[in-house]
Every structure is written in structure tokens, then in C-alpha cells.
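Step one of this worksheet: look at the structure below.
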Amino acid sequence: MGSTRGAIRDTAQRTGTDRRGAVVAALMLAMALAALDATIVSTAVPQIVGDLGGFSVFSWLFSGYLLAVTVTLPIYGKLSDTFGRKPVLIAGAAVFLLGSLLCAVAWNMAALIAFRIVQGLGGGALQGTVQTLAADLYPLKERPRIQSRLSTVWALSAVAGPGLGGVLAAYADWRWIFLINLPIGAVALWLIVRHLHEPARATTGTRARVDWAGALAVFACGGVLLTALVQGGVAWPWLSGPSIALFGTGLALVAVVVWVERRAAEPIIPGWVWRRRTIAAVNLALGALGLLMVAPTVFLPTYAQAVLGLAPVAAGFVLSVWTLSWPVSAALSQHVYRRIGFRNTAMLGIGTASLILLAFLFLPYPGQAWQPTLLMLVLGAALGLFQLPLIIGVQSTVGWSERGTTTASVLFCRQTGQTIGAALFGAVANGVLASRLGGASDLDSVTRALDSGGRAPEATRRAIADAVHAVYLGASCAAALAFLVLLLLAPRRFPVLQEAAGGDAGEGAGEDTDEGADDVVREDGR
């Protein structure tokens, strides 16, 4: 890294103020593509299944996409550090748009699932590279502004996605769900190609080496383990042959990944990601965030419909209110972390979130709709105070050549946490339902409760309430775990690199960075 020190100039300086606005617009469009595609398909499933069949495997429309996004994040992160953000973002967007086009012409469910995985292979580049470029474009003092915009895009997409998918499926054709990506993506690509100018980087005269063996090993390992978590307890029992075989294969591939990466000159997942206290702590804390997010996003709509008796639209509103408070809190978090630091701000947010999740257990039964709505509004504010300072803080502890890898590791851990949370909390909910309903673990009674609009038998409604309470208790424990990780592992002050005159921080501090050296760097970057 020392050979490139001083050679990297600020991306924002090269891009220019006018061009930077166009690039930000492109990043927001790219983020909207990735965010919409995670939700827009959900309401069109009946139309898709009615046209293509394959009801027994339709869940892979979501699982396949998310698996591909998750396992490619660290690969794209390393590639963006090696070759630059622009080529990786362009290549990822092109793959995503190709996958969208193929999805629109799919002839059966198997083809659609395969093409959704192609979409996911491009979606990993969109998510990771957009977040990295946001840090490249803005100095530390201005990063909350761009990050809050991206958070707003993600929140609006999460709310609008299901509705837009339903409208297109009902009044046009479900294939338009994928075709609509093409003009949006084309505009984003044009803006990136025309307006993004990355800084010139010093070269050592040697050709950049890509750890393709490591990339393949990471992809295979992540795919096998995440498949085991996603399908375990759903497609087959946890202790069945397929589940044991997948977990066994995954653990063997973990050993292969470690062996390959320790011998690679430029590993996809370098050891310093876990040797530096700051990055390791943020990775673990945001992994816990992914874990706890499963409770509201997956189980709250069920609670609102089956226990509170709300219609699907009203149940969706109960969930969506946290997407209103989250970006607002994230945008205002800079006023907090500039006073008390990144770690303490994040601890304040996640500590509050733990108490809010725990408060869900004390809601009266059956309760009123405004009660969980208020909790979700406050929870969004708490999580905005938690997530954004960690992302901005950890990005500011590394230089340009390590920022892509660092950002990708953070997003990878959050995505993995969500996958683990879906499997773990799904098992918890099913276990509680089975014990309350006399061993009926198949959720048929839950389906009837949802269809009845809250007029299900009292025993079923009570069982669903107890199951969701157990899940929220687990989510509260996950939030408490994140708090303890930051308290015990993260340094009191993040070792933020001084920004050069151009605005960008110097190169990475190396594997043995003094993580607590307040006399070397200042936390606010000034």
C-alpha cells in the first residue's frame, strides 16, 4: 500500500461539483434497482405461478436472488479495490439488466429462478459499490447527507415495491416487473459512464492479480451454507440427510476458503478485515442488526393481520412507518456522533432498540394498531442512529484501496445475519406454535387466521401472539449482543484517517493499526 500512498486523489475532486450531482443521481437509481428487486416480486407471485406453475419452488425467486447478492458482495468489494469502482459498477449493472431481460422472457419457473440468480450476481455489485462510491465522493463531514439519501431510496423502495409489483401484475403483465428495470438501469449506466471520473492511481508496473480461486471458493462456500440455512426446516427437516450434507459440505468449504486465502497474494477476504478491532466489531454488530431485522420485517405483518385483525394494506403500514423515521434519524446522527463519537452513538441507538423490541412483549392482548405502530416508529429512529454512524465510521478508518473490501464485508455480514435470523426465528416461531397448538407445526392454522382477518379461534390468535413475542425477545437479545460487541470489542474512538487536502483519506493504516490512537487521528476527521 505504501507504493500508492499520495498517488490517489479525491474522487469528488476529479468528478467535479456539477458532475458529482449526476453521479449521485445514478447511485440513487442503482440503489433503487437493487432495493426494488428485493420486494417488487412478492405481490406478483400468484400471477407468476398461475402463468408458469412451480408453486412448490417459488420461494427460490427470493432466496436465489438474495443468496447471489450475499455471496458476491466480498468478491465485488475486492475487485473494486483492485480495478476501481467504475468498471465494477458498470459490469454489475450490465449483468443485473441482462438478468432482468432474461427474467421477462422466462418460459417456466426453473428458468425464472435461474435468471433471478443472474440478477443477484449483478445486484451484489450494485449494493456494495454504490455504498463505497458514496464514501469516495464525499469527505467525512458530508457523508451523512449522501448516506441518508441512499437510506431514503431504500426505505421508499421497500414501501413502494410490493404495491408497484401488484399494480403491474394486475393491470399489465408480471413480466413488466422486470422490464421496468431496463430504462432505469440504462439511465443510471449512462450517467456513470459520462460523469464518473475516478482518480488516477499509481502503478507498480506489475499486473493486478485477482484471486479467482478464492472468489470461487467464497462463492461455493457461501452458497452452500446459505442454502442450508434458507431451506433447512422448510424444504426438509433440520436433522435430515440433505440438511446435514449441506452443512457438512459448507464446513469443508470453509476450510478450503481459509487454505486458499492464506496463500493468495491478494485474497478476496483479507485477514485484516478481522484482525482490526474496529472493522471486526462493526461486522459483528451489523450482523446482529441483520438478525434482529427479521423480527419486524417477517413476523410483524402476520401479527398485525392475525392478532390485530388488520387488512393486508393496514398491516403493511404498521411495518412501513419505521422506513420514515430511519432515514431521518440517520441524517441527524452526525450531530450526535460529532459530540460523543461513532461507537457511543451506535451504542445509544442499539441499546434503545433492544428496549423497544423488549417492550413489544408487554403490549396488551390483543391491543390496538397504534401501539406496535408507535414502537416501529421509535425503532426506526433508534436503528438509524445505530447503523449509519458505524458504516461512515468504519469507511473512514481505511483508505481508498481498502474501502471497497471493508464496505463489502460490512454488508455481507448484515445480509448473512438476515439469512441466519430467518432460519433461527422461523424455527423459534414454529416451535412455539407447535407447543401451543398441540403439535400442529405446519402453520395451516396461521394461514386460516390470516385469511379470516383476525376472526380466527382465540387459541390460534394467542399462539401466534406468543410466537411473535418469542421472536421479538430473540431480536431484543440480538440487539443486546450488538451492544456488548461494541462495548467490549470496538475502540472507544474510531481511528479515522486524516483527510488530505483533496478530501480523501490516505492509504490504509496497515494490518497493525493502532486502533485507539486519539493523538494520531481525530474522530471527526478534521
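Can you work out the Karplus-derived ³J(HN,Hα) for every residue in region 210-227? Use 6.51 cos²θ - 1.76 cosθ + 1.60 with θ = phi - 60°, whole Hz, and x for glycine or proline.
Karplus values, whole Hz, x for Gly and Pro: 10, 7, 5, 4, x, 4, 5, 5, 4, 4, 5, 5, x, x, 5, 5, 5, 4.
Which one, S157, F115, L101, is farthest towards the positive end of the dipole of region 76-159 when Lys and Arg carry +1 and Asp and Glu -1 on their Cβ?
Of the candidates, S157 comes out farthest on the positive side.
What does the charge count around Y303 come to, taking other residues whose C-beta lies under 14 Å from its C-beta (Lys +1, Arg +1, Asp -1, Glu -1)?
+1
Report the FRET efficiency, 1/(1 + (r/R0)^6), for R262 and W236, where r is their Cβ-Cβ distance and R0 is 41 Å, rounded to 0.05.
Computed FRET efficiency for R262 and W236: 0.75.
Collect residues whose amide H, placed 1.01 Å from N in the peptide plane, falls under 5 Å from the amide H of W236; neighbours closer than 5 in sequence don't count.
Amide H neighbours of W236, under 5 Å, 5+ apart: none.
Evaluate the distance, in nm, between pseudo-label points positioned 7 Å from the Cα of I184 and of W274 along their respective Cα→Cβ axes.
3.6
I need the phi-derived Karplus couplings for region 392-407: 6.51 cos²θ - 1.76 cosθ + 1.60, θ = phi - 60°, integer Hz, Gly and Pro marked x.
5, x, 6, 5, 7, 8, 10, x, 4, 6, 10, 5, x, 5, 5, 4
Go through 247-260, 468-481, 101-114, 420-433 and give me the packing order, highest mean Cβ count within 10 Å leading.
Highest to lowest by the protection proxy: 468-481, 420-433, 101-114, 247-260.
Can you work out ³J(HN,Hα) from phi for every residue in region 105-117, in order, using Karplus 6.51 cos²θ - 1.76 cosθ + 1.60 and θ = phi - 60°, giving whole Hz and x for Gly and Pro?
Working through the residues one at a time gives 10, 4, 9, 7, 5, 4, 5, 5, 4, 4, 6, 5, 5 Hz.
For a protection proxy built on the mean count of beta-carbon atoms within 10 angstrom, sort 215-227, 167-179, 294-306 highest first, please.
294-306, 215-227, 167-179
Where a number appears in this text, it was derived from the coordinates with a stated rule and is not lab data. The structure presented is a predicted model; accordingly, all values stated were derived computationally and were not measured. Glycine gets a Cβ as well: all are built from the backbone with ideal geometry, and neighbour counts include every protein chain shown.
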